[in-house]
Ligand code: M6R
C-alpha cells in the first residue's frame, strides 16, 4: 500500500482516473469503438440475430449492469433484462440462441454468477463475460470476454471495478450499435466524446468533492439512518451508494426512487435525518426538485449532488456539491465518487475496518 493512502479503499477510489483510462485505451478510436476480442469470435455474427440481452451479476456489479441496460436499450433498441445472479439461476425469461447473456463480475469467480453462466449455456445462449480478472473461471467458461482494466481491487468494497464496468458497458453498447449499423450516429458521437473526457472528469470530481465529503461524514457520525433519493439513472446510482454505505459504514442506508417517497417511505423522514439527493439528470431535474422540497418540508438534512451550472438546487438543500457536467449516461460514474468517499470516511470515522468489513468477503465462491 502506498504510504500516502491509509487504506486500499481510498487508494482504489483515487485510482479511478487511471483505471478508466486503461479500460478505454486503444478501444476508443477516431472512427469509433474497436473491440478486437469480440470481433475475432462469433460474437459479431451472433449479434445479427439477437432478440434480447440478459445481464446477470451480483451486488455492485448488478448495479453497474442496470446502467449498462439503459445504454444498450438506448442505442440498440433491444430489450435488456438485468437479474441478480442468485435469482437468475431459478427464474428467467425464455432463453435460446438468440438471447445474449452477459455475465458481469469483477472477480470472475462469484459462485452465483458462475451458476448463472452454466444455466445460460444449458439453454444454448451466446455468453459474454465482462470481468476485471483475466483467466478467471467465468472468463474461461464464457464464449468471449471483455476485460475491464481497473487493476487489482483489494478492498472488499468495489469502487474502481464498478466505474470501469460501466465504462466497458458503454464501449459494448457503442460497438454493438456500430456492428448493427443502428441508432442515432450523432448521439453515439456525443457519448464517444464524453468517454474520451471521462478520466479527466473523474479526476476533477475527486478534487471537487473530497474535502466536503470528509467533513459531512464527521457531521453525521452519530446517525444510524440515511436515505438516498434520485430519479432515473440517479436512482440506479442511489442503489449503489446505499450498498456501499451499508457495507463500509454499517449505516442503515436506503435508496428510493424520489417520486416514490410519498407512497410510504416519507413516514420515516424525521427532523435532521440525512438525505442525499442526486439531481444529475437534466431530463428529470424539475421533478427531483419537487421531491426534495417534500423531504425538506419534513426538516430532513439534505445534501444535493448536481452538475456544475445547475444552480437551482442550492436554494432547496442544506448543502450542495457540484460535479462536472457530462453525458447523462456517464453522470453515475462521476456521482459515484462522492458516495464512495462518503462510505469510506463514514466507516473510518466510526472506527471500522474499511478494507475488510465485517461478515463479508471479496470473492464469494459459495452460492
Ligand atoms: O466479483 P463480483 O463482481 O462478481 O462480486 C459481486 C459482489 O459480491 C460485489 O460487487 C459486492 O457487492 C461488493 N463487495 C460491493 O462493494
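Laboratory data are not the source of any read-out in this text; all were calculated from the coordinates shown. All values reported here derive from a predicted model rather than from experimental measurement. A quick note on method: Cβ atoms are made from the backbone with ideal geometry, for glycine too, and the neighbour counts reach across all protein chains shown.
Segment 13-90 and segment 279-349 have their alpha-carbon centroids 26 Å apart.
Hey, what number do you get for the chain at 222 nm if only DSSP H runs of n ≥ 4 count, each worth -39500 (n - 2.57), divided across all residues, to the nearest 500?
Values: 13 runs with 168 residues, N = 367.
The helix-only estimate for the chain comes to -14500 deg cm²/dmol at 222 nm.
Calculated translational diffusion coefficient of the chain (20 °C, 1.002 mPa s; Stokes-Einstein with Kirkwood radius over alpha-carbon pairs) equals 103 µm²/s.
Ordered by the count of other Cβ atoms within 10 Å of each Cβ, fewest first, 175, 123 give 123, 175. Counting beta carbons within 10 Å around each of 67, 138, 333 and listing the fewest first gives the order 138, 67, 333. For segment 65-103, the residues whose backbone nitrogen is under 17 Å from a point 7 Å from the Cα of residue 111, taken along Cα to Cβ, are 85-90. Our estimate of slack between residue 141 and residue 250, defined as 0.36 nm per intervening residue step minus the Cα-Cα distance, is 35.7 nm. A full extension of the chain between residue 4 and residue 267 corresponds to an added length of 90.3 nm, given 0.36 nm per residue minus the alpha carbon distance. Please determine, in degrees from 0 to 90 and to the nearest 10, the orientation of helix 59-76 with respect to the longest principal axis defined by the Cα atoms of the chain, where the helix direction is its Cα long axis. Between the helix axis and the principal axis of the chain, the angle is about 60 degrees.
Largest GNM mean-square fluctuation among 202, 275, 284, using the chain with Cα springs under 10 Å: 284. A Gaussian network model of the chain, with springs between Cα atoms under 10 Å, assigns the largest mean-square fluctuation among 145, 306, 182 to 182.
Picking from 38, 100, 117, which is most flexible by a Gaussian network model of the chain using Cα springs under 10 Å? Ranking 38, 100, 117 by mean-square fluctuation puts 38 first. Using every pair of distinct Cα positions in segment 107-253, the Kirkwood expression returns a hydrodynamic radius of 18.2 angstrom.
Remark: spin-label model distance residue 97-residue 73 equals 2.9 nm, labels positioned 7 Å along the Cα→Cβ axis.
Counting only alpha carbon atoms, the long axis of helix 111-122 and the longest principal axis of the chain meet at about 30°. Relative to the longest principal axis of the Cα atoms of the chain, the long axis of helix 233-249 makes an angle of roughly 70 degrees. With the cut-off at under 18 Å, measuring from each backbone N in segment 302-323 to a point 7 Å along the Cα-to-Cβ line of residue 215 picks out 302-306, 314-323. Compared with the direct C-alpha span, the chain from residue 29 to residue 293 gains 90.6 nm at full extension, assuming 0.36 nm per residue. Of all DSSP-defined beta bridges confined to the chain, some 5% are antiparallel rather than parallel.
Per-peptide packing, taken as the mean over residues of other Cβ atoms within 10 Å, places 48-59, 310-321, 286-297 in the sequence 48-59, 286-297, 310-321 from highest down. Pop the C-beta distance of residue 49 and residue 21 into the FRET formula with R0 = 35 Å and round what comes out to the nearest 0.05. Once the sixth-power term is evaluated, E becomes 0.50.
Taking the beta-carbon count within 10 Å as an exposure proxy, list 82, 101 from fewest neighbours to most.
82, 101
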